[in-house]
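Asker: Here's a structure for you.
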Amino acid sequence: DGQLKDFLVPPIPLKKITDRWYARDANWFADFRQSARKVAHLFERSGGPTVDGVLAVTPRVLEGMLRLTGPIAMPDYGVTVTADTVVDETQRLVTFDYDRVANEPKAFIADLLPRVLTELLSLPRDRWGELVLVLTEELKRKSILVYFRDADAQQRVVQLGWGGALPSLPPPTSSVLTDHLGQVEANVGGHKTDTLIEQALDYDVTAGSDETLTATVVVTRHHQGSKSKTPGGAPLGMLGVNPPSSQSLPPDEDPKTKTNIVFERVFVPSGSALLEARGYVPSARVPSPLQRSQGDEGLVPDEDLAHLESQWEERESGIVVGSEAGFTTFGGWVVTEPEETTVTVLRYRLPFRLPRPSLLASILRYELLLTHQPGHSPVLTRATLRVPTGFRIAWTGPASALQG
């Protein structure tokens, strides 16, 4: 980051915590292909070589590898990491317990990864299948994303579902309506609290007598931390979330006691019209540790980011209406304190109608695509479709599904 030659204007939400856009924050776009291209570009502008591809991984991948290798001793840091401790130890060593004089907080990661890869390459041949299974499972879970500069390789990656690409919606027809609901959350100055948030989403689509379709999205978040530095309860009964252990962290830096602050973007079919937004925090009221007295003076706009934000329009509710990757987006701040529960509501009109049955089109199929940012914990989602008098739901499916 310190070698980046370009002094770039950061994304608007990131101005809360940084005075410019660094390579570490380049994974900003919802479609991973665009983020990967930006990561590669900023890496080169920081003095790195031109790369053939970009891999994104979550801590799950490292945990899976350490289950194969067993414990790895790191004597220079006074620790031995295992699959169960690597995330906590890494967070401690890169955030708090690093050499302030050398000021290289990520040195531990740079030293650990080669050790892990060496141990993996040393596995006997009869265990290589275990490694393939680990990698395959994490690719399915989207804990690994892949981008290649080579067009043919990249096309194959997307076909396999490994590219983190947002879907392309087919246009509505007289027999098929395709809907989409996607979520992307950026933790902005909310410390390492995302794994402490238990979340559920309710999606309701109601067809009116005038053939219009109104969608309502209700997201409920509960912070499992504690204001008194003890684990908070989780009253919602949602999918299990495993908060990290924080025994090795300084008490004042324990994520369990920190506020979760996210800038959420909801991706809906292009042309959807916002009707109501509740529960979001206006930008002016979102905590910011940074005082940016000079604004963007002396900074250069990034062309892709400037194009994205030129389409943003902020409403009185605090919601920013925009467009990205072929979708209409609704963006807003959600602030959740330890032990507390927040509820946000979005209500909007979908850009297509529910036509009345006719002799030529007596059956209509409604399809809903649900997406979430790769690497996120599963979110319990309930979807409801309400049809007016004169319609009959002939078939629904699947009744339930669980995917990473």
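Asker: Please count how many residues of the range 120-143 are crowded, with 16+ Cβ neighbours inside 10 Å and within 30 Å of G78 (Cβ to Cβ).
Answerer: Residues flagged as crowded, with 16+ Cβ neighbours inside 10 Å and within 30 Å of G78 (Cβ to Cβ) within the range 120-143 amount to 5.
Asker: S323 fails exactly one of the following numbered conditions: (1) closer than 30 Å to L385 by Cβ; (2) at pLDDT below 95. What is the number of that condition?
Answerer: (2)
Asker: Which residue is surrounded by the fewest Cβ atoms within 10 Å (Cβ to Cβ), if the candidates are limited to the range 176-218 and must be outside any strand (DSSP E or B) and of a type in the set (D, E)?
Answerer: The extreme case among them is D210.
Asker: Would you mention how many residues in the range 21-41 are open to solvent by 40 Å² or more (accessible area, probe 1.4 Å) and in a loop (DSSP other than H, G, I, E, B)?
Answerer: Count: 1.
Asker: Among the numbered criteria (1) in a strand (DSSP E or B); (2) at pLDDT below 95, which single criterion is violated by K227?
Answerer: (1)
Asker: Right, another one. Taking E44 and the conditions (1) in a helix (DSSP H, G or I); (2) modelled with pLDDT of 95 or more; (3) not β-branched (V, I, T), which numbered condition does it fall short on, given that it satisfies the others?
Answerer: (2)
Asker: Checking G182 against (1) touching a Lys or Arg at 6+ places or on another chain (Cβ under 8 Å); (2) of a type in the set (G, A, S); (3) closer than 30 Å to L385 by Cβ, which single condition isn't satisfied?
Answerer: Looking at each condition in turn, G182 falls short on (1).
Asker: Look through V81, V61, V57 and report the one residue that is hydrophobic (A, V, I, L, M, F, W, C) and over 19 Å from the mean Cα position of the chain (by Cα).
Answerer: Testing whether each residue is hydrophobic (A, V, I, L, M, F, W, C) and over 19 Å from the mean Cα position of the chain (by Cα) leaves just V81.
Asker: Just to be sure I understand, how many residues within the range 323-344 are under 18 Å from the mean Cα position of the chain (by Cα), of a type outside the set (F, W, Y) and in a strand (DSSP E or B)?
Answerer: Qualifying residue count for the region: 10.
Asker: In addition: Just checking, which of T90, T82, T18 is among the β-branched types (V, I, T) and open to solvent by 30 Å² or more (accessible area, probe 1.4 Å)?
Answerer: Testing whether each residue is among the β-branched types (V, I, T) and open to solvent by 30 Å² or more (accessible area, probe 1.4 Å) leaves just T82.
Asker: Let me confirm something: among D111, D179, which residue is of a type in the set (D, E) and out of contact with any Leu (no Cβ under 9 Å at 6 or more places or on another chain)?
Answerer: Every option except D111 fails the conditions.
Asker: Here is a further query. Condition check: of a type in the set (G, A, S), open to solvent by 60 Å² or more (accessible area, probe 1.4 Å) and without any contact (Cβ under 8 Å) to a residue 60 or more places away in the chain. Does S323 satisfy that?
Answerer: Answer is no for this residue.
Asker: Could you check how many residues of the range 258-287 are over 22 Å from L308 (Cβ atoms) and touching a helix residue (DSSP H, G or I) at 6+ places or on another chain (Cβ under 9 Å)?
Answerer: 3
Asker: State the number of residues belonging to the range 326-361 that are of a type in the set (S, T, Y), surrounded by fewer than 16 Cβ atoms within 10 Å (Cβ to Cβ) and modelled with pLDDT of 95 or more.
Answerer: Number of matching residues: 1.
Asker: Something else about it: As an exercise: evaluate G70 against (1) farther than 14 Å from L117 by Cα; (2) loosely packed, with under 13 Cβ neighbours inside 10 Å and give the number of the one condition it does not meet.
Answerer: Every listed condition holds for G70 apart from (1).
Asker: Does T18 meet the test of being touching a residue at least 60 places away in the same chain (Cβ under 8 Å), among the hydroxyl-bearing types (S, T, Y) and out of contact with any Gly (no Cβ under 7 Å at 6 or more places or on another chain)?
Answerer: Judged against the criteria, T18 is a match.
Asker: How many of the residues in the range 362-404 are surrounded by 13 or more Cβ atoms within 10 Å (Cβ to Cβ), not in a loop (DSSP other than H, G, I, E, B) and not β-branched (V, I, T)?
Answerer: Qualifying residue count, the range 362-404: 9.
Asker: Also, quick follow-up: Looking at (1) surrounded by fewer than 13 Cβ atoms within 10 Å (Cβ to Cβ); (2) modelled with pLDDT under 85, which one does P244 not meet, given that it meets all the others?
Answerer: (1)
Asker: Could I ask something else about it? Can you tell me which residues in the range 102-119 are assigned to a loop (DSSP other than H, G, I, E, B) and open to solvent by 80 Å² or more (accessible area, probe 1.4 Å)?
Answerer: Once the filter is applied, which keeps residues that are assigned to a loop (DSSP other than H, G, I, E, B) and open to solvent by 80 Å² or more (accessible area, probe 1.4 Å), the range 102-119 yields N103, E104, K106.
Asker: If I filter the range 280-294 for residues that are in a strand (DSSP E or B), open to solvent by less than 30 Å² (accessible area, probe 1.4 Å), of a type in the set (A, V, I, L, M, F, W, C) and under 24 Å from G190 (Cβ atoms), do I get at least one hit?
Answerer: Yes - at least one qualifying residue is present in the range 280-294.
Asker: Note down all Cβ pairs under 6 Å where the first residue falls in the range 271-290 and is more than 13 Å from L346 (Cα to Cα), the second is modelled with pLDDT of 95 or more and open to solvent by 50 Å² or more (accessible area, probe 1.4 Å), and they're at least six residues apart or on different chains.
Answerer: G271/P351
The values are calculated or read from the model by the stated rules, or taken from the named source; none is laboratory data. Worth saying up front: this structure is predicted, and the values here are computed from it rather than measured. Cβ sites come from the backbone with ideal geometry, for glycine too, and all protein chains shown count toward neighbours. Side chains included, ligands, DNA and RNA excluded: accessible areas come from the protein's heavy atoms. Shrake-Rupley method; radii C 1.70, N 1.55, O 1.52, S 1.80 Å.
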